[in-house]
Amino acid sequence: MGKRQATITRTTKETDINLALTLDGEGRVAVDTGVGFADHMLTLFAFWAGFDLELTCKGDLEIDSHHSLEDVGLCLGQALAEALGDKKGIVRVASAKVPMDEALAEVVVDLSGRPYIVYDDELLPAIIAGDEKDIWREFLKSFAYKAGMNLHVGFEYGQNGHHLLEAAFKAMGLALAQAVRVGRKGVSSTKGSLD
């Protein structure tokens, strides 16, 4: 099996993004989105997934971080889909639960090729690290749809928005580390294809 990796470039009037992803990596991460909290979350995600991730984003932060994080999600999802290729042999479905102090989050993924997201952010405070909490739904939705995965993110309990999101991003990394692992023969589907 060749190296599972992808390089994505996206340039629009809102963002300029360069991203390199290696699935079978060592958790080496260099992220600069211009949004410190996003850099922290993406670093946690890639580290716990064991992915190598290089990412730069120059976005219209004078407006807000919405375009940057939405487009980063699109690029990350596209990179994941491209790096997985035909998905032969991957485990495909996985989950992880992670605590962070008082908070607990669970993430369940299915790399089925059929995008869907279930995300209930009721526990999150309205503002986290200076941004509205909605940017995280938009990021995850963009990521899931471009990756072609079912993504379920559940916040079980907690009070601190940073802790809740940190638990979720670590859990997402751990779940994807399992799901992308090659451990089966053929395609993980009774119908014989993932789409």
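The values are calculated or read from the model by the stated rules, or taken from the named source; none is laboratory data. Bear in mind the structure is a predicted one, so any value in this text is a computation, not a measurement. When we count neighbours, we look across all protein chains shown, and the Cβ atoms used for this are built from the backbone with ideal geometry, even at glycine.
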Any residue that is in a strand (DSSP E or B), small (Gly, Ala, Ser) and surrounded by fewer than 23 Cβ atoms within 10 Å (Cβ to Cβ) - is there at least one of those in the stretch 79-90? no
Selection status of ILE135, surrounded by 15 or more Cβ atoms within 10 Å (Cβ to Cβ) and touching a His at 6+ places or on another chain (Cβ under 7 Å): yes
Unmet requirement for ASP71, which otherwise passes all of (1) surrounded by fewer than 19 Cβ atoms within 10 Å (Cβ to Cβ); (2) assigned to a helix (DSSP H, G or I); (3) touching a Gly at 6+ places or on another chain (Cβ under 8 Å): (1)
Please verify whether ASP32 is at pLDDT 95 or above, under 17 Å from the mean Cα position of the chain (by Cα), farther than 26 Å from ARG181 by Cβ and surrounded by fewer than 16 Cβ atoms within 10 Å (Cβ to Cβ), treating the condition exactly as stated. yes
Tell me, please, whether a residue that is outside any helix (DSSP H, G or I), within 24 Å of HIS162 (Cβ to Cβ), under 13 Å from the mean Cα position of the chain (by Cα) and not basic (Lys, Arg) can be found in the stretch 93-108. yes
Here are some conditions: (1) more than 27 Å from LYS88 (Cβ to Cβ); (2) in contact with a strand residue (DSSP E or B) (Cβ under 6 Å, 6 or more places away or on another chain). GLN5 meets all but one. Which one does it not meet? (1)
Across the stretch 49-76, the tally of residues that are closer than 23 Å to PRO115 by Cα and more than 14 Å from the chain's Cα centre (by Cα) stands at 3
Find the residue count for the stretch 1-16, including only residues that are within 16 Å of the chain's Cα centre (by Cα) and either of a type in the set (Val, Ile, Thr) or at pLDDT below 95 (or both). 2
Would you mention how many residues in the stretch 155-195 are surrounded by fewer than 17 Cβ atoms within 10 Å (Cβ to Cβ), within 17 Å of SER95 (Cα to Cα) and at pLDDT 95 or above? 2
Can you work out which of the residues in the stretch 15-29 that are touching an Asp or Glu at 6+ places or on another chain (Cβ under 8 Å) and among the charged types (D, E, K, R) is surrounded by the most Cβ atoms within 10 Å (Cβ to Cβ)? ARG28
